[in-house]
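All remarks here apply to the structure that follows.
The values are calculated or read from the model by the stated rules, or taken from the named source; none is laboratory data. As the structure is a computational prediction, the values presented were derived from the model and not from experiment. Glycine gets a Cβ as well: all are built from the backbone with ideal geometry, and neighbour counts include every protein chain shown. Note: areas computed on protein heavy atoms with side chains; ligands, DNA, RNA excluded. Shrake-Rupley method; radii C 1.70, N 1.55, O 1.52, S 1.80 Å.
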Amino acid sequence: MSDMRLIVAGAGGRMGRALTRVISETPGAVLTGALEAPGSELLGKDAGVLAGLPANGILLSADLWKLSADADGILDFTVPGATIANVAIAAERGLVHVIGTTGLSSSDDAVIKSVTSRAIVVKSGNMSLGVNLLAALVKRVAQSLDESFDIEILEMHHRAKVDAPSGTALLLGEAAAAGRRIALDQHSARGRDGQTGARRSGDIGFASLRGGTAVGDHSVIFAGPMERIELTHRAEDRTMFAQGAIKAALWARGQKPGFYSMADVLGLNDF
Ligand SMILES: NC(=O)C1=CN([C@@H]2O[C@H](COP(=O)(O)OP(=O)(O)OC[C@H]3O[C@@H](n4cnc5c(N)ncnc54)[C@H](OP(=O)(O)O)[C@@H]3O)[C@@H](O)[C@H]2O)C=CC1
Ligand SMILES: O=C(O)C1=N[C@H](C(=O)O)C[C@H](O)C1
């Protein structure tokens, strides 16, 4: 099969630059376009140079319709508004759309799912093997513990992160809720402050810390009577998120239209 031609959306961002680097090292993948926000001062700059590589001749552009004429997939780590704008074009052009953007609302998710009868979308709040294994473990542990164990999810990220809780924290919350057979949106405690009252039994709690350059730490705490279980993942580098996203694109190329997760890509659904 020919190399998969990939567009990086958000090419000037932290993840975009990591994606450009990892694509250049990945057999079977080639960078064919670099998308940035309209009005960005990075438009026209070379994607390779921005990523710390030799120039590759791929200049940042704000025109996805034009870029997508010669592409097979788009790796999208941007902001919710941009991702939603990209969904329709990716579907129209028949591109595999790998979505790593977090902070999407439930109505954004509905828009994404609305194209998946004809388009291939892989979406995950975290593309790393470690976090997706952690999610499988969290589901399994939550299945075994009753409500005498309170579930709390703690995350820490760098000072520039704009959404909370992180997409990963929500993914882990969904895994815990699935283990408990409850709906996360009806059993969440977010943003405690002031006279909150006692903890509601059965809730899954979220807490977010922001500071420095932390790439992403997540802990799921099962706090029971007289003992606590803590499951933790610490990301040390964005490279493995980029590797996961590229793996997802290469995997998805052979799939039927549909909505897929990293658990599908990594074969973790029966874990
Ligand atoms: N699923 C996963 O594994 C991971 C997900 N993420 C998520 O990915 C997203 C990006 O993270 P990060 O790279 O750190 O953030 P950055 O802010 O560094 O990068 C986002 C980039 O998207 C650009 N952008 C904004 N609007 C558009 C647009 N309309 N079209 C194209 N590009 C646009 C921004 O440009 P400008 O600065 O000019 O606005 C910026 O360059 C976040 O939601 C983050 O949570 C991050 C790591 C891993
Ligand atoms: O914004 C980030 O940096 C990250 N975002 C993702 C999230 O919201 O969970 C994944 C990772 O934790 C880094």
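Elements of the type helices (runs of 4 or more DSSP H) sitting completely within the stretch 21-133 and holding at least 1 residues that are within 19 Å of the chain's Cα centre (by Cα) and within 16 Å of ligand 2 (Cβ to nearest atom): these cover 80-93, 106-114. Filtered by the rule that a residue be open to solvent by 30 Å² or more (accessible area, probe 1.4 Å) and in contact with a helix residue (DSSP H, G or I) (Cβ under 7 Å, 6 or more places away or on another chain), the stretch 1-14 gives a lone residue, R5. Output yes when any residue across the stretch 56-63 is out of contact with any Phe, Trp or Tyr (no Cβ under 9 Å at 6 or more places or on another chain), open to solvent by 30 Å² or more (accessible area, probe 1.4 Å), away from ligand 1 (no atom under 12 Å from the Cβ) and at pLDDT below 95, and no when none is. No. Scanning the stretch 222-239 for residues that are more than 14 Å from ligand 1 (Cβ to nearest atom), among the acidic types (D, E) and not in a strand (DSSP E or B) turns up just one, E227.
Annotation: D203 fulfils all but one of (1) within 19 Å of T102 (Cβ to Cβ); (2) more than 12 Å from ligand 2 (Cβ to nearest atom); (3) acidic (D, E); the unmet one is (1). Scanning the stretch 175-202 for residues that are among the charged types (D, E, K, R) and open to solvent by 70 Å² or more (accessible area, probe 1.4 Å) gives R181, D185, R190, R192, D193, R199, R200. Against the list (1) away from ligand 1 (no atom under 11 Å from the Cβ); (2) part of a loop (DSSP other than H, G, I, E, B); (3) within 23 Å of the chain's Cα centre (by Cα), the condition R200 fails is (3).
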